[in-house]
Amino acid sequence: MATLDFDVIVVGGGVAGAACAALLAQQQRRVALVDARRPSFRPAEGRFDPRVVAISPGSRRVLAAAGGWQLLSAERLASYRRMAVHAAALSVHFNAADHGLLELGWIVEIPAMEDALWQSLDGLERVTIFAPAAWERVDLGAETVRLSLTDGQTLRSALLVAADGARSRLRRLAGVATDEWHYNQRALIAPVRTEQANTGLAWQRFTEHGPLALLPLPDGRSSIVWSQPSDRALALQTASEGDFLADINNHQDAPLGAIIGVGQRHALPLVRRRARRLFRDRLVLLGDAARTVHPLAGQGLNLGLMDAATLVEVLEAWKSGSPAQELERYQRWRQSNGTLIGGGIHAINELVRAPGGLGRHALGAGFGIATRLWPLREAFVQRACGIDSDSPRLARSGCAA
Ligand SMILES: Cc1cc2nc3c(=O)[nH]c(=O)nc-3n(C[C@H](O)[C@H](O)[C@H](O)COP(=O)(O)OP(=O)(O)OC[C@H]3O[C@@H](n4cnc5c(N)ncnc54)[C@H](O)[C@@H]3O)c2cc1C
């Protein structure tokens, strides 16, 4: 069968890969997007997908530049303007307005973002979608990449973007080693109803078992993410509603009153992964294929979207020939940022697991200092929002050039 030529092949049309494909097409590149599945999203009123994530203002700009944000339904978005984090007896509070922002972030369903980005991709002439599609072989040559699909078609390009998720097959086949930390923790996630409606508060407490977050949903409920030892998370997943509510209310003092109802619970295993390099020859890693981080700071997908925007920015300089110089720049930029954020999150998680609650007291003391030092708070907000000087241009300004 025929060999089809592209400038770039993107494997993996999750949020990070789909955004990258759209942004590359805007750079006038011919893009093939290959995914094992076509995302499907069937929104039902009053029901939210359990995979909701916090999206930063910087990431929102990247999603908008990729044409996805505009297609999200406003009724399914919950913005938050206030954030409170508690450890031991101390806490730190953030207000969007204090930092010149309208919002600190939005809680969005992952399938909704995928659906919106794929709708946007469907309208782009330069993007050819192969989905659902399976591939059986990849040849990473010095000047070209070939991806053989199981239906007999071969795709050929000068660059291959691996956005195929945490267990990236492409990363493995390219021989890129990873460092992994298995936390023996699971994140218990579920929608909950509190006595007072949640109208825009992102709240977190570092409990004796691990961080518990309540994030706003558009209908006034909250989505919880409670990371804790795996056996405890699994027991709470299947506990009766009454036992679950008694347990969680012993550990939360959010200003929303007691938790009075819970929806379907899931318990997801937590692993930190870090690829030792972000490119090899003409293959480049982004999103969860490049790294996964503990969810306590809600940064995983935000990092993936920054990868996409950074890659597109460094590739502006690449017209033909080897992209090695540009990929080196991408790797330096994203590895230092990923190590700082991923390493910082990892360090906090290890600290608060210290026996006797000492780590939580130490973290609380850190909050006390952060509360008094305005420049530190400002720097923290800018970084967490993806709009600091280390963020790609699209995230800072939203402009393509
Ligand atoms: C409990 C929890 C809470 C989280 N909260 C947040 C949060 O608040 N904020 C945040 O930013 N992040 C959060 N994250 C992280 C976030 O969910 C992930 O970082 C993000 O979803 C990864 O997106 P991705 O596009 O990189 O990968 P994926 O979503 O995994 O997409 C990979 C794509 O590749 C395709 N694929 C895989 N293998 C192949 C193959 N062989 N061939 C073809 N296609 C393939 C898949 O079908 C899929 O479409 C959280 C994670 C967890 C576990």
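In region 124-226, counting only strands (runs of 3 or more DSSP E) that sit wholly within it, the ones holding 1 or more residues that are in contact with a Pro (Cβ under 9 Å, 6 or more places away or on another chain) span 159-162, 178-194, 201-206, 211-216. Checked against the criterion of being open to solvent by 60 Å² or more (accessible area, probe 1.4 Å) and over 24 Å from Asp307 (Cβ atoms), the candidates His86, His93 yield just one match: His93.
Against the list (1) small (Gly, Ala, Ser); (2) surrounded by 17 or more Cβ atoms within 10 Å (Cβ to Cβ); (3) in contact (Cβ under 8 Å) with a residue 24 or more places away in the chain, the condition Gly359 fails is (3). Filtering region 185-197 to residues that are more than 17 Å from Arg47 (Cβ to Cβ) and within 15 Å of the ligand (Cβ to nearest atom) leaves Gln185, Arg186, Ala187, Leu188. Exactly one residue out of Ala65, Ala16, Ala21 is within 16 Å of the chain's Cα centre (by Cα) and either at positive phi or among the hydrophobic types (A, V, I, L, M, F, W, C) (or both), and it is Ala16.
Among the residues of region 28-41 satisfying the criterion of being away from the ligand (no atom under 11 Å from the Cβ) and touching a strand residue (DSSP E or B) at 6+ places or on another chain (Cβ under 9 Å), which is modelled with the lowest pLDDT? Steps first, please.
Keep residues of region 28-41 that are away from the ligand (no atom under 11 Å from the Cβ), which gives 28-32, 40-41.
Now drop any that are not touching a strand residue (DSSP E or B) at 6+ places or on another chain (Cβ under 9 Å), which leaves 29-32, 41.
Numbers: Arg29: 97, Arg30: 98, Val31: 98, Ala32: 98, Phe41: 92.
Ranking the qualifying residues of region 28-41, first place goes to Phe41.
Note on region 96-114: among residues that are within 16 Å of the ligand (Cβ to nearest atom) and small (Gly, Ala, Ser), the one that is surrounded by the most Cβ atoms within 10 Å (Cβ to Cβ) is Gly105. When restricted to residues that are out of contact with any His (no Cβ under 9 Å at 6 or more places or on another chain), open to solvent by 10 Å² or more (accessible area, probe 1.4 Å) and within 15 Å of the ligand (Cβ to nearest atom), region 224-245 contains 4.
The values are calculated or read from the model by the stated rules, or taken from the named source; none is laboratory data. These numbers were taken from a predicted model, which means no experiment stands behind them. We place every Cβ from the backbone using ideal geometry, glycine too, and count neighbours over all the protein chains shown. Heavy atoms of the whole protein, side chains included, go into the accessibility calculation; ligands, DNA and RNA do not. Shrake-Rupley method; radii C 1.70, N 1.55, O 1.52, S 1.80 Å.
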